[in-house]
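The next block holds one structure in the form of structure tokens; read it before the comments.
Each value in this text was obtained by applying a stated rule to the coordinates, not by laboratory testing. Computed from a predicted structure; not experimentally measured. Here the Cβ positions follow ideal geometry from the backbone for every residue, glycine too, while neighbour counts run over all protein chains shown.
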Amino acid sequence: MTAPAFIRREIPPYELLTEEGLALVESTGERLLAEIGIEIRDDAEALQLFKDAGAGVDGITVHFDPGHVRHLCSTAPRQFTQLALNPAKSVQIGGNNVVLAPAYGSPFVRDLVGGRRSTTSRTSSSSPTRRRGCTIREARFANPPNCR
């Protein structure tokens, strides 16, 4: 079975939260990003990009003024094409398009007996996902070369 590149959603989205609930989530998120921030480790380029975009950077911690993340999100396109090596498998992200992909956990696999396991353990555990043919995208990890 060959999966389509992407699926176009023809039904309206579910409203999971009331307007008040959505406002509460947004205001809480803004408070956390302003007061606590997010840590970005071992990526000076990302820290500089956030700083250039107007975020406050203190060491490895990035803080956002209320409304800043909303503004940054408003500059992103509502829809874009993720290009594949095979153009027939390129997908439209956003809008009414749905891209199905499996979810994975931590990129570092551990067990109680042997400790950290090699990347091949994770790769072999994801093989059934690839064989099914019903997912559109397979999630990949971007591990630094020294972690493989």
ask   = Considering only DSSP states other than H, G, I, E and B, which chymotrypsin sites (Phe, Trp or Tyr not before Pro) in the range 1-101 qualify as loop sites with at most 10 other Cβ atoms within 10 Å?
value = TYR14
remark   = So LYS89 and ARG70, fully extended at 0.36 nm per residue minus their Cα-Cα distance, gain in nm 3.7 nm
inquiry  = Let me make sure I get this right: for the range 1-99, a, b and c are the square roots of the gyration tensor eigenvalues over alpha carbons, sorted descending. Under 1.5 in a/c it's rounded, otherwise prolate if a/b > b/c, else oblate. Which is it?
reply    = oblate
ask   = Of all trypsin sites (Lys or Arg not before Pro) in the range 24-55, which ones are in loop regions per DSSP and have a Cβ with at most 11 other Cβ atoms within 10 Å?
value = ARG41
key: Positive-end residue, the range 15-93 charge dipole about Cα centroid, Cβ charges, pick of LEU85, HIS68, LEU49   = LEU85
